[in-house]
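Peer 1: What follows is a single structure, and I will ask about it in a moment.
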Amino acid sequence: MAYKMIDLFAGCGGLEDGFMQSGKYEDIAAVEWLQPQVKTLIHRLKTKWNITDADERVMCFDVQKEELFYGWSDDSAAPTREILPNGKESRYKTGPYGKGKGLDYFVKKAGGIDIIIGGPPCQAYSVAGRVRDKNGMKDDYRNYLFEHYLNVVNRYRPKVFIFENVPGMLSAMPDGTPITQLIRKGFEGIGYEIIDDLKQYAKINASDYGVPQHRERLIILGIQKDVCDQPQVLLKEFYTKILPKHQTSRKISVGEAIGDLPPIYPIINEGTSPGRIDYTKPECHTSWHRARHHSLRDVEIYGMLADDILSGRNKYADSQSLSELYEERVGAKSPIHRYHVLRKEEPSTTIISHLDRDGNRFIHYDPKQCRDITPREAARLQSFDDDFEFIGNQTDTYIMIGNAVPPKLAKCVALAVAEVLDRLDG
């Protein structure tokens, strides 16, 4: 019998796809408020998992609103830009919400649920986000979206939950109190336990689980106290024995992940505009393997840096030399080095949503291609299957991929959690 699942802050469905791949779970409902992500998840559930009513199960709605439980009706005809509590305008399209039956309807129809999965947006917890924001993200409303996750858990009382986020959460203190302390107290207050030492146990590297990318994440398993006599004992076993059983024997490299995709070369002819270099468009068996335009300056830098690594000269192998190169070529200083060539024989660095703006830190290792990675290459480094279709424009696609949980990691977590659920069920 499959365990019944709700996915919150679902994004495009990386976490859910891994859980579905495990064959241990049944999708009951999912919640996400950004339109491209919702359309992508609906498409995936319909085409891959044959869930014909995915249009209803995947709710394009704000998890902060109580109508999420009871149902809603919004007949607005066009997408609007969301005004966030900090007064800023979101650059993502949200709504129109349309008409929805609400979570209560689907949970009642399923006869209850066994597990809730998901994690609030990580930007407010990430160290990089705090460095960039003048207030250290202290005023960002996303710091407290975990409270709404907690509300859903309390309402439907699953046996377990999986709360995924960035390791930066361990040091986040938006109001002076560690956010992990608030989360722990919140879940304890509704009758759930999480591991007593998150830093020691819950920090997981995706590259240990077959993902061709160094990507550290917090995987927080919560267990309802009423269904387990010794939650801490089972939680420690989950992190030290059950989940590690699914680790791979070796790490997967960038070359193994993307090396069979057709090469894409810059098209530079006499008279080519220096600000808009186009690329060849090869025949490819999968979608989104196409390069974006680059300036001639960037094309030359990418090729030079990739050749520097391939040749073994390693003139630009340290952050200082890369920062100096950036200042020399771009004419501006940067507190961090702006360029990085992906190493062919190693896992990738962490794929991030900033790819929607530029790929300077994700330069292809082949110096002849002189470009950053395509959306499909980014998707493969995140361990998405080639039949996973992203619905939206290129910017939407890079954001969805960068913010996703790698499905291969999610599948390993799903299999480990299923073993915990099996034990709780006797």
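Peer 1: Would you point out the residue of region 1-26, among those that are surrounded by fewer than 23 Cβ atoms within 10 Å (Cβ to Cβ) and modelled with pLDDT of 95 or more, that is nearest to residue 44 (Cα to Cα)? Talk me through it step by step, then tell me what you get.
Peer 2: In the first step, residues of region 1-26 are kept if they are surrounded by fewer than 23 Cβ atoms within 10 Å (Cβ to Cβ); the result is 1-4, 21-24, 26.
Next cut, modelled with pLDDT of 95 or more only: 2-4, 21-24, 26.
Numbers: 2: 19, 3: 20, 4: 18, 21: 12, 22: 16, 23: 16, 24: 18, 26: 14 Å.
Selected residue: 21.
Peer 1: Looking at 20, 59, can you tell me which residue is under 20 Å from residue 153 (Cα atoms), out of contact with any His (no Cβ under 9 Å at 6 or more places or on another chain) and either not aromatic (Phe, Trp, Tyr) or not assigned by TED's automatic domain parsing to the domain that holds residue 121 (or both)?
Peer 2: Numbers: 20 fails: under 20 Å from residue 153 (Cα atoms).
59 is the lone residue from the list that is under 20 Å from residue 153 (Cα atoms), out of contact with any His (no Cβ under 9 Å at 6 or more places or on another chain) and either not aromatic (Phe, Trp, Tyr) or not assigned by TED's automatic domain parsing to the domain that holds residue 121 (or both).
Peer 1: For residue 234, work out the one condition from (1) in a loop (DSSP other than H, G, I, E, B); (2) surrounded by 14 or more Cβ atoms within 10 Å (Cβ to Cβ); (3) among the aliphatic types (A, V, I, L, M) it doesn't fulfil.
Peer 2: The single condition residue 234 does not satisfy is (1).
Peer 1: Name the residues in region 248-271 that are over 21 Å from residue 209 (Cβ atoms) and either surrounded by 14 or more Cβ atoms within 10 Å (Cβ to Cβ) or hydrophobic (A, V, I, L, M, F, W, C) (or both), would you?
Peer 2: So the first thing to find is which residues in region 248-271 are over 21 Å from residue 209 (Cβ atoms), and the list is 260-271.
Listed by number, the residues that qualify are 261, 264, 265, 266, 267, 268.
Peer 1: Working carefully through the options 233, 211, 227, find the one that is touching a Ser or Thr at 6+ places or on another chain (Cβ under 8 Å) and of a type in the set (A, V, I, L, M).
Peer 2: On the way: 233 fails: touching a Ser or Thr at 6+ places or on another chain (Cβ under 8 Å); 227 fails: touching a Ser or Thr at 6+ places or on another chain (Cβ under 8 Å).
Within the list 233, 211, 227, the selection yields 211.
Peer 1: Identify all residues within region 87-131 that are at pLDDT 90 or above and surrounded by 19 or more Cβ atoms within 10 Å (Cβ to Cβ); write none if there are none.
Peer 2: 103, 106, 107, 113, 114, 115, 116, 117, 118
Peer 1: Take residue 48 and tell me if it is at pLDDT 95 or above, buried (at least 16 other Cβ atoms within 10 Å of the Cβ) and within 18 Å of residue 405 (Cβ to Cβ). Give the steps one after another, and end with the answer.
Peer 2: On the way: at pLDDT 95 or above: yes; buried (at least 16 other Cβ atoms within 10 Å of the Cβ): yes; within 18 Å of residue 405 (Cβ to Cβ): yes.
Yes, satisfied.
Peer 1: Further, regarding this structure: Would you check which residues across region 21-51 are among the hydrophobic types (A, V, I, L, M, F, W, C) and under 16 Å from the mean Cα position of the chain (by Cα) and list them? So that I can check it myself, show each step before the final result.
Peer 2: First, the residues of region 21-51 that are among the hydrophobic types (A, V, I, L, M, F, W, C): 28-31, 33-34, 38, 41-42, 45, 49, 51.
Within region 21-51, 30, 31, 33, 34, 38, 41 meet the criteria.
Peer 1: From the list 240, 177, pick out the single residue that is of a type in the set (Val, Ile, Thr), part of a loop (DSSP other than H, G, I, E, B) and surrounded by fewer than 19 Cβ atoms within 10 Å (Cβ to Cβ).
Peer 2: Numbers: 240 fails: part of a loop (DSSP other than H, G, I, E, B).
Result: 177 is the single residue among 240, 177 that is of a type in the set (Val, Ile, Thr), part of a loop (DSSP other than H, G, I, E, B) and surrounded by fewer than 19 Cβ atoms within 10 Å (Cβ to Cβ).
Peer 1: So the check is Cβ under 9 Å with 6+ separation or different chains; which pairs have a first residue in region 146-165 that's farther than 17 Å from residue 61 by Cβ and touching a residue at least 24 places away in the same chain (Cβ under 8 Å) and a second one that's surrounded by 22 or more Cβ atoms within 10 Å (Cβ to Cβ) and of a type in the set (D, E, K, R)?
Peer 2: Filtered contacts from region 146-165: 158/114; 159/114; 160/114; 164/217; 165/217.
Peer 1: Something else: Across region 343-369, which residue is modelled with the lowest pLDDT among those that are part of a loop (DSSP other than H, G, I, E, B) and of a type in the set (S, T, N, Q)?
Peer 2: 360
Peer 1: Just name the residue that is surrounded by the fewest Cβ atoms within 10 Å (Cβ to Cβ) out of those in region 284-300 that are small (Gly, Ala, Ser) and farther than 20 Å from residue 365 by Cβ.
Peer 2: 295
Peer 1: Would you please name the residue that is surrounded by the fewest Cβ atoms within 10 Å (Cβ to Cβ), looking only at residues in region 386-408 that are assigned to a helix (DSSP H, G or I) and within 11 Å of the chain's Cα centre (by Cα)? Please lay out each step first, then the result.
Peer 2: Going residue by residue through region 386-408, those that are assigned to a helix (DSSP H, G or I) are 394-403, 407-408.
Restricting the remaining residues to those that are within 11 Å of the chain's Cα centre (by Cα) gives 398-403, 407.
Numbers: 398: 27, 399: 25, 400: 28, 401: 29, 402: 18, 403: 20, 407: 25.
Restricting to residues being assigned to a helix (DSSP H, G or I) and within 11 Å of the chain's Cα centre (by Cα), the top hit is 402.
Peer 1: Another question, then. Any idea how many residues of region 269-288 are within 19 Å of residue 378 (Cα to Cα), of a type outside the set (Phe, Trp, Tyr) and out of contact with any strand residue (DSSP E or B) (no Cβ under 7 Å at 6 or more places or on another chain)?
Peer 2: Narrowing region 269-288 to residues within 19 Å of residue 378 (Cα to Cα): 279-288.
The next check asks that each one be of a type outside the set (Phe, Trp, Tyr); those that pass are 280-287.
Next, only the ones that are out of contact with any strand residue (DSSP E or B) (no Cβ under 7 Å at 6 or more places or on another chain) stay: 281-287.
Residues meeting the conditions: 7.
The values are calculated or read from the model by the stated rules, or taken from the named source; none is laboratory data. The shown structure was predicted, so the numbers you read here are calculated from the model rather than taken from an experiment. Ideal geometry is used to build each Cβ from the backbone, glycine not excepted, and the neighbour counts take in all protein chains shown.
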